[in-house]
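Scroll down for the structure; my scribbles are underneath it.
Every number in this text was worked out from the coordinates using simple rules, so none of it is lab data. Because the structure is a prediction, the values reported are computed rather than measured.
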Amino acid sequence: MAVIPSGQQVAGGAQVPLPTVDVLVAGLGPGGCAAALAARAEGLHTLAVEARGPQATRSQLVLVRPGAQAALRQLGLPDITEGRRTTTIRHVENRLRAALQARVHADAAAHPAAAPRTALCWHTGVVDLQAGTERVVVTLRDETTGTTRQVAARHVIDASGGRLEALGRPARERAGPRHVVSTAEYGTPPWFDGIVGVRDPATHELFLLFPTWGRRGVIAYFDAPTGPRPLAEQVVQRFGAIADRLGLGAPNEPLWAVDVYQRVLRRPNAGRVLPIGDAVGTVDVLLGAGMSTAIEDGADAARSVAAACREASLRGALERLDATSRMLHRRHRASALRGRLLLAARPLVERAWPSATLPDVARAQLGPPPLLWPAVRFLFGRRPSTS
């Protein structure tokens, strides 16, 4: 898609109008990919931008919930997890991004003389956003060269995970207690089947291990109890000490810890910028619903934008967008409530795991809780089917 900077003059002094798209998708995580795929299926002129590169790197373990499974099937992706219920966010992102790129390339091959209706821009971030009643003027920056350009979008789907708050978008508010976790991926092959873990009854810490895709390594997850302590640095030190005791080797990425307290917008967003996923509200990691909720949000938002584009009146279009924004907000409010309830029940969840004194733990002390998989099936549904 040829883009001309705003304000460029042509012969006669006329100003070139901004290139315009039906929808700009800001962020290509799982939710943004679902939005871009659904927008393409609806025939919308779509520009999808991602500040990072095309290869995902996040190693967090995720669960694919039934609602997300249904949304992916509607997008023609019934086997995104290849029959697994649990996988990594990197695996899902890479498969969704590959599917999106393949469909964009197929469209270009099928209609080589036509301008592409879907365009992808990697290493491209949103640095300014001016929302009006009829369009949104978005300033984009190439993160590799630093150059900027402007695009006019009839609608924006904010899949940035909340990063557009720095540009003046409504900020999310705390909706849950402090909860510090740490996770990392290691190249050590798993010596166990399924998921194993251990708890420290004195400190109420949890340490879990999951096999990666193809059993080529393990993902370690360290969960500190909710409350005013500990500091992220202390969690990283404890996590590293446990990993050393278990002989996991060096992590694939530097260890980090983060307070994953829940945040939600105070009220639904109004207008042509439609936030989805974490931009509406974060979901506590114990609930395992963040990625799945984002996928559902993305598909719903894109279909709402398509319906708004078909509305005969400006009022009708904005009312449809507002109704979708309220629906997404209710979904995230409900998830935040479930997250708080699960955190309140964390002491019961914790007691299901074998006990040991951390960080002095041996491999033989790790094990699964006896009712793990019946509980997973009850909470998250049956294993996804393969195509």
Report summary line: Going residue by residue through the stretch 338-344, the Karplus relation 6.51 cos²θ - 1.76 cosθ + 1.60 with θ = phi - 60° gives ³J(HN,Hα) values, rounded to whole Hz and with x marking Gly or Pro, of 4, x, 5, 5, 5, 5, 5
Requested in this report: Taking amide H positions as placed in the peptide plane 1.01 Å from N, state which residues far from Glu143 in sequence (5 or more) or on other chains have amide H under 5 Å from it.
Outcome: Thr124, Gly125
Query raised in the report: Based on the Kirkwood radius over alpha-carbon pairs, what value in µm²/s does the Stokes-Einstein equation return for the translational diffusion coefficient of the chain at 4 °C and 1.567 mPa s?
Result: 58 µm²/s
Query raised in the report: Within the chain, what percent of beta bridges assigned by DSSP are antiparallel, to the nearest 5?
Result: 70 percent
Requested in this report: Compute the Kirkwood hydrodynamic radius of the stretch 186-295, taking the inverse of the mean of 1/r over all pairs of distinct Cα atoms, and give it in Å to one decimal.
Outcome: 16.2 Å
